[in-house]
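Visitor: Have a look at this one before I ask anything.
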Amino acid sequence: HVVLPGYYSPDGMGLLDINTSDGRFLFFLPWQGATLVGTTDRKGTAVSTPGPPEDEIQWILNEVEKYLDNGMKVRRSDVLSSWQGWRPLASDPNAPPGAPVSRDHIISTNPDTDITFITGGKWTTYREMAEDVLNKVIARKGLKAGPCLTDKRPLRGGVGYH
């Protein structure tokens with residue numbers, strides 16, 4: 001993912017390209033006065049110090065240019081920040097043998113320790129993941145609880161942000 005100056009997207013309007021040069025999705029989203037441009041998954045080797053590969057940044061910039069006026073060039077110096085995300089693929093220990101791994105999160109309880117765990121998912125769904133695992137534990141243990149409030153709580157730094 002890269003963050004570009006805000007003039008790369010109009011306020012309040014995003015774009016999703018489902019037909020990029022290599023078949024991945026690409027999205028443009030206005031974000032805090034800037035433009036967030038990202039893509040979907042690509043398999044890669046795990047490394048101890050992950051960072052966005054330069055060839056991925058250049059690929060995103062090349063794809064972005066397809067949507068701009070012919071006279072406008074996206075320069076590497078336009079990139080305000082960049083990062084690479086990792087999504088674990090989860091294998092459900094209670095699934096039948098040969099079941100595929102999941103891109104979603106999986107909640108399971110170890111029958112020997114009675115410990116409930118969650119694995120998989122992605123950083124943009126962490127609130128949903130938290131709510132799902134707590135609801136499962138509450139139901140399993142017969143606990144009483146009110147409705148989940150995570151979607152009502154501002155993120156760190158989000159107080160006053162609209």
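The values are calculated or read from the model by the stated rules, or taken from the named source; none is laboratory data. Remember, it's a predicted structure, so these values are computed and weren't measured experimentally. When we count neighbours, we look across all protein chains shown, and the Cβ atoms used for this are built from the backbone with ideal geometry, even at glycine. These area figures cover heavy atoms from the full protein model, side chains too; ligands, DNA and RNA do not enter into them. Shrake-Rupley method; radii C 1.70, N 1.55, O 1.52, S 1.80 Å.
Visitor: Between L68 and D22, 0.36 nm times their residue separation minus their Cα-Cα distance comes to what?
Guide: Separation in residues times 0.36 nm, less the Cα-Cα distance, equals 14.6 nm.
Visitor: Here's another thing I want to ask about it. Could you work out the equivalent-ellipsoid semi-axes for region 83-147, taking the square root of 5 times each eigenvalue of the Cα gyration tensor, largest first, in whole Å?
Guide: Over the Cα atoms of region 83-147, the semi-axes work out to 22, 18, 8 Å.
Visitor: Turning to a different aspect of this structure: Would you mind checking the tilt of helix 126-141 against the longest principal axis of the Cα atoms of the chain, expressed as 0 to 90 degrees and rounded to 10?
Guide: 10 degrees
Visitor: I've got another one for you. Got a sec? Which residues in region 74-108 would a label at K122 touch, if it sits 7 Å along Cα→Cβ and we count backbone N under 12 Å?
Guide: 85-89, 103-105
Visitor: Let me ask something additional. Roughly how compact is region 43-162, stated as its Cα Rg over 2.2 N^0.38 Å to two decimals?
Guide: Normalised Cα radius of gyration, region 43-162: 1.51.
Visitor: Highest first, please rank the peptides 47-53, 9-15, 62-68 by the mean number of other Cβ atoms sitting within 10 Å of their residues.
Guide: In descending order of packing, they fall as 62-68, 9-15, 47-53.
Visitor: Can you give the convex hull volume per residue for the Cα atoms of region 45-108, as a whole number of Å³?
Guide: Output value, Cα hull per residue: 153 Å³.
Visitor: How far, in degrees from 0 to 90, does helix 54-65 lean away from the longest principal axis of the Cα atoms of the chain, to the nearest 10?
Guide: Approximately 60 degrees, to the nearest 10.
Visitor: Rounded to the nearest 20 debye, what is the charge dipole size of the chain about its Cα centre when +1 sits on each Lys and Arg Cβ and -1 on each Asp and Glu Cβ?
Guide: Charge dipole, the chain, about its Cα centre: 500 debye, nearest 20.
Visitor: How far, in nm, would the chain grow between D92 and T49 when pulled straight, counting 0.36 nm per residue and subtracting the alpha carbon separation?
Guide: In short, 12.7 nm is gained.
Visitor: What are the semi-axes of the equivalent ellipsoid of region 1-101, taken as the square roots of 5 times the eigenvalues of the Cα gyration tensor, listed largest first and rounded to whole Å?
Guide: The three semi-axes for region 1-101 are 30, 15, 13 Å.
Visitor: Accessible area of region 1-92 with a 1.4 Å probe: how many percent of it is carbon plus sulfur?
Guide: Solvent-exposed carbon and sulfur of region 1-92 make up 54 percent of the total.
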